[in-house]
Amino acid sequence: MCPPEIDVRAIRGKLHLSQEDFARTLGFTINQIKAWEQNRNRPLGGVRAYLMIIDLAPEAVIEILRTKVRHAVNAKKPAVTGPRYEKGPALSRAMSRNLTSQ
């Protein structure tokens, strides 16, 4: 028994979002949206489940995503208390300075 098809265009239409806005808001790529809506491929697995949840409770999903973004943006960066760590060529220069100064 095949699961019923997910109508991504209908879900997006309920939200009154363009393909680009739907993709950006919910974490998809524009290419995924286009492919699903043009029936070139179909969402499977966790993506399918995610779309089903979006279909059932779109406002809740969007609010959860917005809250997560707000928390990430508002999160304080940890204070740097130790030495500054260099990478690549800067690391080589810093090591040379340390070796020559000793």
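The values are calculated or read from the model by the stated rules, or taken from the named source; none is laboratory data. Values in this document were obtained by computation on a predicted structure and should not be read as measured data. Neighbour counts are summed over all protein chains in view; Cβ atoms, including those assigned to glycine, are modelled from backbone coordinates with ideal geometry.
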When you scan the stretch 1-30, how many residues do you find that are assigned to a loop (DSSP other than H, G, I, E, B) and farther than 17 Å from Leu65 by Cα?
-> 9
Complete set of residues in the stretch 34-57 that are crowded, with 17+ Cβ neighbours inside 10 Å and more than 21 Å from Lys68 (Cβ to Cβ) | Trp36, Pro43
Top-ranked residue of the stretch 44-102 - restricted to ones that are at pLDDT 60 or above and hydroxyl-bearing (Ser, Thr, Tyr), ranked as nearest to Ala23 (Cα to Cα) | Tyr50
How many of the residues making up the stretch 41-55 are touching a helix residue (DSSP H, G or I) at 6+ places or on another chain (Cβ under 8 Å) and either outside any helix (DSSP H, G or I) or at positive phi (or both)?
-> 3
Candidate set from the stretch 1-33 (those that are touching a residue at least 40 places away in the same chain (Cβ under 8 Å) and within 18 Å of Glu63 (Cα to Cα)); member that is surrounded by the fewest Cβ atoms within 10 Å (Cβ to Cβ) = Lys14
